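To start, the structure itself, in structure tokens.
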Amino acid sequence: MKLLVTGGAGFIGSAFVRLAVSGGHFSVLNVDKLTYAGNLENLASVAGNPRYRFLRGDCADAALLDNCFRDFAPDAVIHFAAESHVDRSILSPQPVFDSNLAGSFQMLEAARRHGIARYIHVSTDEVYGSIDPPQEADENYPLRTSSPYSASKAGSDLLALSYHTTYKLPVVVTRASNNYGPYQFPEKLIPLMISNALEDKPLPIYGDGMQVRDWLYVDDHCRAILALLEKGAAGEVYNIGGSRSLPNLTVVKQILAATGKPESLLKTVTDRPGHDRRYALSSRKIMEATGWAPQVPFEQGLAETIDWYRNNQTWVAHVKSGEYREYYERNYAGR
Ligand code: NAD
Ligand code: TYD
């Protein structure tokens, strides 16, 4: 089976490409713009594999996509490419619009022009917005977005579903909870806190740190996408949760304990504007449809992730140089 993967040089996309190529059943063409978040070092283990190809390109580029679909003739698309960070979307919404909305639109158009057997649009639980306890969102929960990021994802989800309703494109939309694991860019909570802790730098906690997220190990997310590639029904949305909800402060204190660092590194900073208090997801639908369930318990996944960052300091130093420093200054200075 030939897969056209977009955003395969990012955190989740690269985990998916490594899994799909090493599993032996797939050939992959990875189309990635290599933004600040795209890193070919994440794909070193598959770079020489004859079933893997890389093309640097923008998923909003219709002509480039026409060539990809014509030359590679994919059986399925897995569309990961996006600007993926809420804080950056608040600081600079334009790239979010360009990649998440215009990029998703051009991908759908290319798939419509050329035809495709399966199209997976990778989205997020953030489209449901903040959810009061004890509720959890199933796939029919209303969309109530807070940030430019989540609004762009909700917009592209609806666009993707409209291509099924209107053009019968075999679209499946996935909505996963917060992912963590190796190779995650250290702008998101877990890798940022691990790398700052390892460097004895302050750990910036937004507001009271009692916001709740549901944590999903990245390989569990990738296995869910593979399951839906086979068993997902066209036109359907599937939530993919980690079944492990924790307040941010609990997660960060676990990181300090595991790295042997003091709680004096915690630093309360001004809260994120429009900060969603709690995400909570029901994954019953994907479990019943495919038999998928998360396999990696949070404590195990976190320990492995911390080990990975400890043992891959060159990767961390590389991604934290240059542009990252400017971003860090813009997001955290004077906060
Ligand atoms: P990431 O930021 O690590 O990687 C994004 C990748 O997309 C990068 O390689 C980047 O170069 C590429 N990209 C961005 N714009 C592009 C464009 N216009 N054309 C081609 N490539 C482009 O993101 P991630 O965390 O791996 O997230 C991947 C997908 O999963 C996104 O769609 C995101 O919304 C979704 N998601 C992420 C999480 C999470 O916790 N990280 C949770 C649920 C869903
Ligand atoms: P993040 O990893 O950015 O994911 P999302 O906003 O998509 O859930 O943030 C996860 C939680 O951690 C969120 O409640 C914001 C909080 N957070 C901090 O407290 N400090 C930080 O420096 C970052 C990046 C996030």
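Mind running the shape call on the stretch 193-288? Use the C-alpha gyration tensor, a ≥ b ≥ c as the square roots of the eigenvalues: rounded below 1.5 for a/c, prolate if a/b tops b/c, oblate otherwise.
In terms of gyration-tensor shape, prolate.
How high is the FRET efficiency between Ala234 and Leu91 when r is their beta carbon distance and R₀ equals 22 Å, given to the nearest 0.05?
About 0.05, to the nearest 0.05.
Per residue of the stretch 80-95, in order, report the coupling 6.51 cos²θ - 1.76 cosθ + 1.60 (Karplus, θ = phi - 60°) as ³J(HN,Hα) in whole Hz, putting x for Gly and Pro.
Running phi through 6.51 cos²θ - 1.76 cosθ + 1.60 with θ = phi - 60° gives 8, 3, 5, 7, 10, 10, 4, 4, 5, 5, 6, 6, 9, x, 4, x Hz.
Please name which of Gly235, Gln295, Trp315 has its Cα lying farthest along the dipole of the stretch 218-335 towards the positive end, using unit charges on Cβ (Lys, Arg +1; Asp, Glu -1) and the Cα centre as origin.
Trp315
Who wins for biggest fluctuation among Val21, Val172, Val122 in a Gaussian network model of the chain, springs between alpha carbons below 10 Å?
Most flexible of the set in this elastic network: Val21.
List Thr6, Thr270 from most exposed to least, where exposure is judged by having the fewest other Cβ atoms within 10 Å.
Least crowded to most crowded, the residues run Thr270, Thr6.
For the stretch 73-183, what percent of Cα pairs sit more than 23 Å apart?
So the portion of pairs separated by more than 23 Å is 31 percent.
On a 0 to 90° scale, report how tilted helix 62-72 is relative to the longest principal axis of the chain, with both axes built from alpha carbons and the result rounded to the nearest 10.
It works out to around 70 degrees.
Report the gain in length on full extension from Asn312 to Ala289: 0.36 nm times residue separation, minus Cα-Cα distance, nm rounded to one decimal.
Extra length available between Asn312 and Ala289 comes to 4.5 nm.
On average, how much area does the Cα convex hull of the stretch 112-255 cover when viewed from any direction, in nm²?
On the way: hull surface 39.8 nm².
Result: a mean projected hull area of 10.0 nm².
Compute a Gaussian network model of the chain, connecting alpha carbons closer than 10 Å, and tell me which residue from Asn67, Asn248, Asn30 fluctuates the most.
Asn67
Once amide H atoms are built 1.01 Å from N in the peptide plane, which residues 5 or more positions from Lys267, or in another chain, come under 5 Å H to H?
Correct list: Leu203, Ile205.
Once you've got the GNM for the chain with C-alpha springs shorter than 10 Å, pick whichever of Asn49, Asn312, Asn140 has the biggest mean-square fluctuation.
Per the Cα network of the chain with a 10 Å cutoff, Asn140 tops the list.
Relative to the Cα centre, what is the charge dipole magnitude of the chain, using +1 at the beta carbon of each Lys and Arg, -1 at the beta carbon of each Asp and Glu, and rounding to the nearest 20 debye?
Charge dipole, the chain, about its Cα centre: 280 debye, nearest 20.
Under a point spin-label approximation (7 Å from Cα along Cα-to-Cβ), what is the Ala117-Ala333 distance to one decimal in nm?
For Ala117 paired with Ala333, the spin-label model returns 5.3 nm.
Set the Förster radius R0 to 41 Å, insert the Cβ-Cβ distance between Arg277 and Ala63 as r into 1/(1 + (r/R0)^6), and round the FRET efficiency to 0.05.
After rounding to 0.05, the efficiency reads 0.40.
How high is the FRET efficiency from Lys168 to Ala47, r the C-beta distance, R0 30 Å, rounded to 0.05?
That gives a FRET efficiency of 0.25.
Which order do Met193, Met1 fall in if you start with the one that has the fewest other Cβ atoms within 10 Å?
Values: Met193 27, Met1 14.
In order of increasing Cβ crowding within 10 Å: Met1, Met193.
List the relative contact order of the stretch 102-161 as a percent without decimals, with contacts defined as Cα pairs under 8 Å and 6+ residues apart.
Relative contact order for the stretch 102-161 comes out at 42 percent.
Starting from the Cα of Lys2, draw a straight line to each of the lysines and keep only those under 21 Å, dropping any in the same chain fewer than 8 residues away.
Candidates past the 8-residue exclusion: Lys33, Lys168, Lys231.
Using a 10 Å cut-off around each Cβ, can you sort Leu159, Leu91 from fewest to most neighbouring Cβ atoms?
Exposure proxy ranking, most exposed first: Leu91, Leu159.
Run the quick spin-label model on Met1 and Glu326: label points 7 Å from Cα toward the beta carbon, then report their separation in nm to one decimal.
Each label point is offset 7 Å from its Cα along the Cβ direction, giving 4.1 nm.
Determine the shape class of the stretch 1-88: with a ≥ b ≥ c the square roots of the Cα gyration tensor eigenvalues, call it rounded for a/c under 1.5, and otherwise prolate if a/b is greater than b/c, oblate otherwise.
Since a/c reaches 1.5 but b/c is at least a/b, the shape of the stretch 1-88 is classed as oblate.
Using a simple charge model, +1 on the beta-carbon of Lys and Arg, -1 on the beta-carbon of Asp and Glu, nothing else, what dipole does the stretch 208-277 show about its Cα centre, in debye to the nearest 20?
So the magnitude is around 240 debye.
How far apart, in nanometres, would the label points at Asp71 and Asp138 be if each is projected 7 angstrom from Cα along the Cα-to-Cβ direction?
4.6
Does the chain come out rounded, prolate or oblate, given a ≥ b ≥ c as the square roots of the eigenvalues of its C-alpha gyration tensor, rounded meaning a/c under 1.5 and, failing that, prolate meaning a/b above b/c?
On the way: a/c = 1.59, a/b = 1.38, b/c = 1.15.
Judged from the Cα gyration tensor, the chain comes out prolate (a/c at least 1.5, a/b above b/c).
All other residues with a Cβ under 13 Å from the Cβ of Thr270 taken together, and with Lys, Arg as +1 and Asp, Glu as -1, what is their net charge?
0
FYI, it's all coordinate maths here, none of it is from the lab. Remember, it's a predicted structure, so these values are computed and weren't measured experimentally. We place every Cβ from the backbone using ideal geometry, glycine too, and count neighbours over all the protein chains shown.
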